[in-house]
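Each reported figure results from applying straightforward, stated rules to the coordinates on display, with no laboratory input. Quantities reported herein were computed from a predicted structural model and do not represent experimental measurements. Cβ placement follows ideal geometry from the backbone for every residue including glycine, while neighbour counts extend to all protein chains displayed.
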Amino acid sequence: MPDNTISTTLRAALASASLALALASSPAQATDGYFLNGVGAKAKGMGGVAIALPQEPLSIASNPAAATEVGHGVQFDVDVFIPDRGATISGNGAGLDGSYSGNGANPFLLPEFAYVRPISDTVSLGISINGNGGMNTHYKTNPFASFGATGHAGVDLAQVFIAPTVAVKLAEGHSVGVSPILMVQGFKASGIQPFTMASADPARFTNRGRSISYDFGFRLGYMGQIAEGVRIGAFYQSKIHGPRFKKYAGLFADQGSFHVPASYGAGISVQPGGGLTLGADVKHIQYSKVGSVGNPLAPLFAGVPFGADGGPGFGWRDVTAYKIGASYAFDDSFTLRAGYGHSQNPVPSSETFLNILAPGVVQDHFTLGGSVLVGKGQEITAFVMRAPNKTVRGSGSIPAPYGGGEADISLAETAIGFGFSWVM
């Protein structure tokens, strides 16, 4: 191994830090609830499949054990992400009825980065930086104007994961990995002034600018070859704890707490020969275990205000996401991919009113992608993703104190991404 391992890794880390700053200022949107449906351009072209399929350096963001399988390489990706979100209110006695577009901010650029390097025959190091996901709505016509709201309404949540990785090959074909995670997240809300009267801290509820917090967690992974051409993999990611959003202590439950929920999953990949690779993943996200996300609106009408311990939240349920994908290598220089993902909807029909601000309800994702070798070890990858419109129709969704009626929320998404990877 060359002696410049440390300096090369340091330079990669510095590049990573610069990218992190760019990501932290970029709003994101959602696919599996508010998690992205995949990490890495190759994985995204296969519907997000990655837990048991180490195709690229960014595979370590899905399963840290992949670091022993992807060799020495670096990867830079960027996605152009275009969500189409909106809401319709009907039967409201307080004058909110109408159709509202939440597309005042579009499109979004979402970069990703990873670097991996073996340091011995059994140990590999790496670092990945990627946007975990987020929520963004921007209603130029404020749905709550009849209550006295002013300006545009919306929220902007962006989360960035910075994850150094260590992976160890336990035996031929079997590896484990661990990634401590530093998460940088930012949030701001605007145009929801009428609801401050229901807050434990009205001065820290809306229109406070961006609030930043730094949170910590970890990700564990296993990957193993169980037969010729057959791999399995699994991961567990902890709940990510950290400081509260102090500027929004009157909005989120538990004085501004906004943790990232725990998630876990497993996958399998099969290479039957002839250039064909098949893969499938299943992933579970525990949204209901985070109060600010999982608590329903109901506590508000039992005397528990926004921002209080056990206060109201978005009412999200846990979701399980399923992904399948296929790739076909025509030769060493050209590969095509396709995939499909299905995620459960986290928003019950009874909770659509508050989720006008966060309509993370898409369920189906269709993807196509491909890679072309452009130099020695250098590859360009592209993908496209389409999540068709999903509408959740409210049922008893607007409480009587707010005029009753129903709020229907909808979301569709389109993404186009490009990546460059270099196997050194």
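Tabulated results
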quantity: Formal net charge of residues neighbouring Ala66 (Cβ-Cβ distance under 14 Å; K, R +1; D, E -1); calculated: +2
quantity: Pairs from Lys42/Lys239; Lys44/Lys390; Lys323/Lys390; Lys42/Lys323; Lys247/Lys283; Lys169/Lys376 whose Cα-Cα separation, in the structure shown, is over 22 Å; calculated: Lys42/Lys239; Lys247/Lys283; Lys169/Lys376
quantity: In degrees, nearest ten, helix 5-24 long axis to first principal axis of the chain (Cα); calculated: 20
quantity: Sum of -39500 (n - 2.57) over DSSP H runs of 4+, divided by residues of the chain (222 nm, nearest 500); calculated: -2000 deg cm²/dmol
quantity: Relative contact order [Cα under 8 Å, 6+ residues apart], segment 72-183, whole percent; calculated: 22
quantity: Cross-link reach list, aspartates and glutamates versus Lys140, counting only Cα pairs under 15 Å and skipping chain neighbours closer than eight places; calculated: Asp84, Asp156
quantity: Taking all pairs of distinct alpha-carbon atoms in the chain, Kirkwood radius in angstrom; calculated: 21.9
quantity: Sorted by Cβ density within 10 Å, fewest first, the residues Tyr264, Tyr248; calculated: Tyr264, Tyr248
quantity: Which of Arg219, Arg204, Arg393 has the fewest Cβ neighbours within 10 Å, and the rest in rising order; calculated: Arg393, Arg204, Arg219
